[in-house]
Amino acid sequence: MPNLPKPRLRRNRRGELVAPVETAEPQAPHVEQIEWGGLRWVNIEHPGALERAWLEEHFDFHALDLEDVLSRNQRPKIDIYDEYLFSILNLPVFDRAAKRLGAGELDLFVGPDFLVTIPNQPLQPVEYLFERCRGKEELREQLFSRGSGYLLYRLVDDCFDYCFPMLRKIGNKLDALEDDIFEGRSEDIVRDISNAKQEIINFRKVIRPQRPVLRDLEKVKSRYLSPDFDLEIYFDDIVDSHERIWDMLENYKEVIEALEETNESVISHRLNDILRVLTSISVVILPLTLIASIWGMNVRVPGQDNLADFFFVLGGMFVILVGMVAWFKRRGWL
C-alpha cells in the first residue's frame, strides 16, 4: 500500500511543531434563478460583496446602482437607462423584534430579457411568487411568456396587494380600541392608541414617497411589454391600488386622531366626576367640621356639662348632613 503524503509541519514562536491551517473553500454567491423562454428572473437576498461581484460579472449595471443596492435606507426612485431600468421600492414589514412597522427595501433591475430582484430582507410577496414560479411550470409559462414587463407588473402588484391584509388588521385594531374606550378602559389603552398611531405614521412614511415612482414606471412600461399582449391597463391598476392604500391610511389617520381625542375627553370627564364628588363631600363635611370645632374648644360652651345637649348637637349635625346631601343630589352634584 503506498504511503500517503504527510502534512508539512511548521514551528511556532516557541519552537513547537504545529499543523498547517487548512484554508476554507471560497464561498459561492447566494443567487437564485428561474429561466423560461429566454426570460430570466434572478433573486438575490441580503446582497454582499460576493453578490455584487456576481452582478458585475453577468450584467452591465451602473456602479452607482450597485452602490444603492448595498446601501441601506434608500428612498424610492427609478433610474432609466438605454438597456435597463433600475427602481427602488419600499414595502411595509412588521419587525417582530422591535414590535413595530418598518420598511423593507426591494431593488429591481428590469431589462428586455431579465428581471433582477434584490430585497434587503425577506419579503413575503417576493418569496411567494418566486417559489410558485419555480414549482409550477404552468404559472412560469403564463408569466414569463408575456415578457419582463408583465412579470414586473405581477411582482409589484403582489407587493402592494400584500399591504391590504396589514391594513385590515389595523382597521380591526381601531375597532377594538373604540370598543375599549366606551367599556371603561380609557386609561389602560393609552399605550395601545399610541402604538396604533405610530403604525399608521410608519405606514404612511413607507407608502407616500412611492407615488411619483409608480407614475414614472407607468410612463416607461411600454419598453418592456410584449407587443402580443395589451397590458396598458395593468400598470394603471398598480397606481389605483396605491391610491386605495393611501386613502385607507388617510381614513385611519383621521380615525386614530378622533379616538385619541375621544379617549382624552373620556378620561377628562371621569376626572371631573371624581373631583366633583370629592368637592361635594368636602363641602358637606365643612359645616360639620365647623360645629365640632366650636364645641371642641378649650373654653366653656353651652351644654358642656349636660349629656342631653351632646346628643342634641349630634342630631343637629346629622340633620345638616342629610339636608346638604339631599340638596346636592337634587342639583345633580352627587
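The values are calculated or read from the model by the stated rules, or taken from the named source; none is laboratory data. Everything numeric in this text was worked out from a predicted model, so none of it was measured. Reconstructed Cβ throughout: ideal geometry from the backbone, glycine too, with neighbour counts over all protein chains shown. We work out accessible area using only protein heavy atoms, side chains counted, and drop any ligands, DNA or RNA first. Shrake-Rupley method; radii C 1.70, N 1.55, O 1.52, S 1.80 Å.
Pulled fully out, how much extra length does the chain show between Q198 and E264, if you take 0.36 nm times their separation in residues and subtract their Cα-Cα distance?
Values: separation 66, 0.36 × 66 = 23.76 nm, distance 1.75 nm.
The Q198-E264 span can extend by a further 22.0 nm.
Taking 41 Å as R0, compute the FRET efficiency from the Cβ-Cβ separation of L70 and D236 and round it to 0.05.
Values: r = 33 Å, r/R0 = 0.81.
Calculated transfer efficiency: 0.80.
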For segment 17-161, the per residue accessible area (1.4 Å probe, Å²) is 52 Å²
Working note, segment 87-227: Cα radius of gyration (Å, one decimal) and Dmax (Å, whole number) are 18.8, 62
Counting sequence-distant residues (5 or more places) and residues on other chains, those with an amide H built under 5 Å from that of Q121 are H46, E105
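Quick one: which of 237-249, 60-72 comes out on top by average Cβ neighbours within 10 Å, and what's the full order, highest first? Please list the in-between numbers first.
On the way: 237-249: 16.2, 60-72: 14.2.
Peptide ranking by packing, descending: 237-249, 60-72.
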If amide H atoms are modeled at 1.01 Å from N in the peptide plane, then the residues at a separation of 5 or more from V93, or on another chain, having amide H under 5 Å from its own are G102, A103, G104
